[in-house]
Amino acid sequence: MMNVGILGLARSGRAAARLALARGARVYASDTGDTAELRAAAEEIRQAGGEADVGGHNVARLAQCDTIVVSPGIPPTATVLGDTRIAHVTRISELEFAFRYLDAPVLAVTGTNGKSTTTALASHLLTTAGYDAPAAGNIGTPLSEVALRNDAPDWVVVEASSFQLADIDTFAPRIGVVTNLAPDHLDRYAGVHEYYADKAHLFDNASSESTWVLNGEEADVRSLAADAPGARYVFRIRSELATGEQGGWLRDEQLMLKMGKTESRLVGTAELRILGRHNHANALAAAVASVAAGANVGAVRDGLRTFPGLPHRLEVVGERDGVLWINDSKATNVASARVAIESMTRPTVLLLGGVHKGESYVGLSDALRRSVRLVVAYGEAADIIERELSDIVALERVDGGFSDVVRHAAARAQPGDALLLAPACASFDMFRSYEERGDTFRALARGEA
């Protein structure tokens, strides 16, 4: 009988434990936290026949395991992972563990920004085309939950983070998408090269049966794929396809597709319900991947027109006194915040702050000069933001709670402005997640908080 250890009792850890138990393994799961939610998760695992601890890890018990499944929220520097008593035990991610029991082809999406939107959109396009194609992985539904299904889907569209890809072994997507690359998670990685190296694991098990959909305008993405075997398509938003390339591109505000000998118009950018040039790239990436998976072009057109977007990604959450409130709480790094700012067509009051992730905010300078009338800096990163940007843009630092910060920003906004939450920081100084931060902003926009 296989002996499986699970580190972390959040959603992916719980799902991995259920999958392991369903497949006849002995399970020991643990978490250093000790909250009501984690205690409930531990009790659920015990009721299903496993062992579980909260408030710490039983290293001696972990040392008896054949495999340890590491949840993505546990950094490689965690004390338990450095314990020599478990050095002999194979460690894998929940993504890898679930893949071993999955009876469906995978369309995997990675990159720095746009992963969630591209994943959700590809799932939507394939569903519109008549496929059973759930979205899973880093987008919220653990892949282990899909692997537990009695009826295998036609496709699984998986958002794969660098943390999940770091600990794979056999994970081999039939189709892989790389949206873009930019520095991120420098609070967890020693440098950008280490971060990119984990992304590159997407290609570890490439074969002639693989298909890759790559950002054709980023040299780092092309370098990441290197000479991995398989068919290649690209997407471009600033240039036409190069000679010999196939994929998607933007021409006169029309999304175009060439796969095989046929060139097709998909939709105009004005027909999309998602804002911003970066979302045109996401739409092209999802369209190319979906057609590669078998979707017909007509269904892809319909899906592009009907996709509503995701919460917390340039989500218009209200308009008050002529000010448009836009929630991009998912912009937790500088590159993502820059994309959000560049999408603005109104003078903008920008909320910037939270937990600093190791990046300089100076990279926002050009975008700030073009459209931002005022930056409101807040949270733990406020000192750094103020120091780096106060000579570049009008900036006011606001201490206090998030509601106070938002109300201050709203008072500074004028009719015709946009009030944009694109924090370029993690949320954990004030919130449990970027979703909770965005939900609070939405409620304030609607006068509900």
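The values are calculated or read from the model by the stated rules, or taken from the named source; none is laboratory data. From a predicted model like this one, the values you see are computed outputs, not experimental measurements. Neighbour counts run over all protein chains shown; Cβ positions are idealised from the backbone, glycine included.
Only one residue in GLY56, GLY50 is in contact with a helix residue (DSSP H, G or I) (Cβ under 6 Å, 6 or more places away or on another chain) and in contact (Cβ under 8 Å) with a residue 12 or more places away in the chain, so which one is that? Can you show your working first?
Numbers: GLY56 fails: in contact with a helix residue (DSSP H, G or I) (Cβ under 6 Å, 6 or more places away or on another chain).
Unique residue meeting the criteria: GLY50.
Name the single residue, out of those in segment 1-34 being in a loop (DSSP other than H, G, I, E, B) and not hydrophobic (A, V, I, L, M, F, W, C), that is nearest to ASP167 (Cα to Cα). Lay out the reasoning, then the answer.
We begin by selecting, within segment 1-34, every residue in a loop (DSSP other than H, G, I, E, B); these are 1-2, 8-10, 23-25, 32-34.
Narrowing further to those that are not hydrophobic (A, V, I, L, M, F, W, C): 8, 23-24, 32-34.
On the way: GLY8: 15, ARG23: 21, GLY24: 23, THR32: 20, GLY33: 22, ASP34: 26 Å.
Checking each candidate, the answer is GLY8.
Can you tell me which condition ASP429 does not meet? The list is (1) assigned to a loop (DSSP other than H, G, I, E, B); (2) over 25 Å from the mean Cα position of the chain (by Cα), and all the others hold.
The failed condition is (2).
For VAL300, indicate whether it is over 19 Å from the mean Cα position of the chain (by Cα) and under 25 Å from ALA182 (Cβ atoms).
Numbers: over 19 Å from the mean Cα position of the chain (by Cα): yes; under 25 Å from ALA182 (Cβ atoms): no.
It is false that VAL300 is over 19 Å from the mean Cα position of the chain (by Cα) and under 25 Å from ALA182 (Cβ atoms).
Is there a residue being surrounded by 16 or more Cβ atoms within 10 Å (Cβ to Cβ), in a loop (DSSP other than H, G, I, E, B) and either touching a Pro at 6+ places or on another chain (Cβ under 9 Å) or not basic (Lys, Arg) (or both) anywhere in segment 190-204?
Among the residues of segment 190-204, not one is surrounded by 16 or more Cβ atoms within 10 Å (Cβ to Cβ), in a loop (DSSP other than H, G, I, E, B) and either touching a Pro at 6+ places or on another chain (Cβ under 9 Å) or not basic (Lys, Arg) (or both), which makes the answer no.
Looking at GLU240, GLU263, GLU245, which is the one that is of a type in the set (Asp, Glu) and in a strand (DSSP E or B)? Even if it seems obvious, please write down each step before you answer.
On the way: GLU240 fails: in a strand (DSSP E or B); GLU245 fails: in a strand (DSSP E or B).
One residue alone meets the criteria, GLU263.
Note down all Cβ pairs under 7 Å where the first residue falls in segment 122-147 and is at pLDDT below 95, the second is among the polar types (S, T, N, Q), and they're at least six residues apart or on different chains.
Here the result reads ASN138/SER161; ASN138/GLN164; ILE139/SER116; ILE139/THR119, each pair linking segment 122-147 to a residue that is among the polar types (S, T, N, Q).
State yes or no: is PHE441 surrounded by fewer than 23 Cβ atoms within 10 Å (Cβ to Cβ), in contact (Cβ under 8 Å) with a residue 24 or more places away in the chain and closer than 26 Å to ARG188 by Cβ? Walk me through how you get there before you give the answer.
Working: surrounded by fewer than 23 Cβ atoms within 10 Å (Cβ to Cβ): no; in contact (Cβ under 8 Å) with a residue 24 or more places away in the chain: yes; closer than 26 Å to ARG188 by Cβ: yes.
No.
Going through segment 179-196 one residue at a time, which ones are closer than 24 Å to HIS278 by Cα, of a type in the set (A, V, I, L, M, F, W, C) and out of contact with any Phe, Trp or Tyr (no Cβ under 9 Å at 6 or more places or on another chain)? I'd like the intermediate steps shown before the answer.
Taking segment 179-196 as the starting set, the residues that turn out to be closer than 24 Å to HIS278 by Cα are 179-186, 192-193, 195-196.
With of a type in the set (A, V, I, L, M, F, W, C) added as a condition, the list becomes 181-182, 186, 192.
Within segment 179-196, ALA182, VAL192 meet the criteria.
Sort out which residues of segment 378-418 are among the small types (Gly, Ala, Ser), surrounded by fewer than 17 Cβ atoms within 10 Å (Cβ to Cβ) and either in a loop (DSSP other than H, G, I, E, B) or outside the structural domain of ARG437 (by TED's automatic domain parsing) (or both), and write them in order of number. Full working, then the answer.
First pass over segment 378-418, keeping only residues among the small types (Gly, Ala, Ser): 379, 381-382, 390, 394, 400-401, 403, 409-411, 413, 416, 418.
Filter once more, keeping what is surrounded by fewer than 17 Cβ atoms within 10 Å (Cβ to Cβ): 390, 394, 400-401, 403, 411, 416.
Within segment 378-418, SER390, ALA394, GLY400, GLY401, GLY416 meet the criteria.
When you go through (1) surrounded by fewer than 24 Cβ atoms within 10 Å (Cβ to Cβ); (2) outside the structural domain of VAL375 (by TED's automatic domain parsing); (3) out of contact with any strand residue (DSSP E or B) (no Cβ under 7 Å at 6 or more places or on another chain) one by one for SER336, which number turns out not to apply?
(2)
List the helices (runs of 4 or more DSSP H) inside segment 56-154, counting only whole elements, that have at least 2 residues being surrounded by 20 or more Cβ atoms within 10 Å (Cβ to Cβ) and of a type in the set (Phe, Trp, Tyr). Even if it seems obvious, please write down each step before you answer.
Working: elements: 59-62, 94-99, 115-128, 143-147.
It comes to 94-99.
If GLU44 meets every condition in (1) charged (D, E, K, R); (2) under 18 Å from GLU145 (Cβ atoms); (3) part of a loop (DSSP other than H, G, I, E, B) apart from one, which number is that one?
That leaves (3) as the condition not met.
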